[in-house]
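S.K.: Below is one structure. I have some questions about it.
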Amino acid sequence: MTELIAEIGKTLLEIHVADITTLDVDAIVNAANRSLLGGGGVDGAIHRTAGPELLAECATLGGCDTGSAKITGGYRLKARAVIHAVGPVWQGGGADEEALLAGCYRTALELAAAHRLSSIAYPAISTGIYRFPADVAARVAVGTVASELASAPRGIARVIFCCFSAGSAEHHKDAFAELGLI
């Protein structure tokens, strides 16, 4: 269900409440752990849906640093690619968590552009078991993506913030409003 649509240049920004594994986009972003070898939440759902080939490819990547991302094929997903972003564990805000989270969103956009992908869907990275406050995470997510697209358009036509709940979608809507996107 599409909750909201805004535009930055030629890029549509959307908020959806949905299961990210069902989206028909060029790339979905996985809220991964540093090993990239699967886990719970969004990570587990993506690995289950994509099939064992995803795990096999991830095993060749040597993990990923917090605040960064790596790309693989999408296998059995509708998405052609999966961008595995490793968000920070919330430690109270004093461990550079916001900058690390912004790095996930920025790197995912860079990877999508480098692979000529025109649509990308993000989950609410780090807001599950990593305990990042959902309102702060939404501001970082929307603010980073909006800033990156405004300063350096990358050929990305569509960005979806795929929320797992109506509450998460509300935080993203608030971030859109704070940035003057709606």
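The values are calculated or read from the model by the stated rules, or taken from the named source; none is laboratory data. No experiment lies behind these values; they were computed from the predicted model shown. Positions of Cβ are backbone-derived with ideal geometry, glycine not excepted, and every protein chain shown enters the neighbour counts. When the accessible area is computed, the model is the full protein with side chains, heavy atoms only, and any ligands, DNA or RNA have been set aside. Shrake-Rupley method; radii C 1.70, N 1.55, O 1.52, S 1.80 Å.
S.K.: Residue by residue, what Karplus-based ³J(HN,Hα) values in Hz, rounded to whole numbers, does the stretch 27-43 have, using 6.51, -1.76 and 1.60 with θ = phi - 60° and x for Gly and Pro?
M.R.: Computed from phi, the couplings for the stretch 27-43 are 9, 10, 9, 9, 7, 8, 9, 4, 6, 6, 9, x, x, x, x, 4, 4 Hz.
S.K.: How long is the stretch 2-42 along each principal axis, judged by its Cα atoms, biggest number first, in Å?
M.R.: 36, 20, 14
S.K.: Return one whole number: the accessible area per residue of the chain in Å², for a 1.4 Å probe. Write down the numbers at each step before the final one.
M.R.: Details: 7820 Å² over 182 residues.
Per residue, the chain has 43 Å² of solvent-accessible surface.
S.K.: Nearest 20 debye, what's the magnitude of the dipole of the stretch 22-136 about its Cα centre given +1 on Lys and Arg Cβ and -1 on Asp and Glu Cβ? Walk me through the numbers on the way to the answer.
M.R.: Numbers: 9 positive and 11 negative charges, 65 e Å.
Roughly 320 debye for the stretch 22-136.
S.K.: Over the chain, what is the mean sequence separation of C-alpha contacts under 8 Å (at least six apart), divided by residue count, expressed as relative contact order in percent?
M.R.: On the way: 384 pairs, mean separation 51.4, N = 182.
So the answer I get is 28 percent.
S.K.: Largest first, please: the extent of the C-alpha atoms of the chain along each principal axis, to the nearest Å.
M.R.: The Cα atoms of the chain stretch 43, 35, 29 Å along their principal axes.
S.K.: In straight Cα distance, which lysines are under 16 Å from K78, not counting same-chain residues fewer than 8 positions off?
M.R.: none
S.K.: Give the carbon-plus-sulfur fraction of the accessible surface of the chain in %, rounded to a whole number; probe 1.4 Å, heavy atoms of protein chains only.
M.R.: Carbon plus sulfur share of accessible area: 53 percent.
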